Amino acid sequence: MAKYRCPCCRKISPNTLDLARHFIGQTNSVHKNWLKAKGLSYAQLIRWQVTEFGNKGYDALAEALDKEAAKVE
Ligand SMILES: [Zn+2]
């Protein structure tokens, strides 16, 4: 099954939800700027995670990563 590579570093994840968790754990500007370029806000994603039921922040990010992250075998 294909794996996904973080568009900002060399991290490889088995799925985009795991990659989203990795992404939220990064506070450096490379990851934050990528989010901004995709029309997402780091602060907004964190707020969703904290205030919304379920995994709204991770889910929104995973959806973006589904389209954008390079797949590797
Ligand atoms: Zn990364």
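Read-outs throughout are calculated quantities, based only on the coordinates presented, and are distinct from any laboratory measurement. This structure is a prediction, so every number in the text was calculated from the model and none was measured.
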message: Restricting the calculation to Cα positions, tell me the Rg (one decimal) and the Dmax (whole number) of the chain in Å.
response: 11.5, 36
task: List the residues whose amide H sits under 5 Å from the amide H of residue 4, counting only those 5 or more places along or on another chain, with H placed 1.01 Å from N in the peptide plane.
output: 13, 15, 72
Highest-MSF residue in the chain out of 28, 15, 55 [GNM, Cα springs under 10 Å]: 28
field: Lysine pair count for the chain [Cα-Cα under 14 Å; pairs on different chains or 8 or more apart]
entry: 5
- prompt: So what are the ³J(HN,Hα) numbers for the stretch 58-69, from phi and the Karplus equation (6.51, -1.76, 1.60; θ = phi - 60°), rounded to whole Hz, Gly and Pro as x?
  reply: 4, 4, 4, 5, 4, 4, 5, 5, 3, 7, 9, 6
statement: Between the Cα axis of helix 42-51 and the main Cα principal axis of the chain, the angle (0 to 90°, nearest 10) is 60
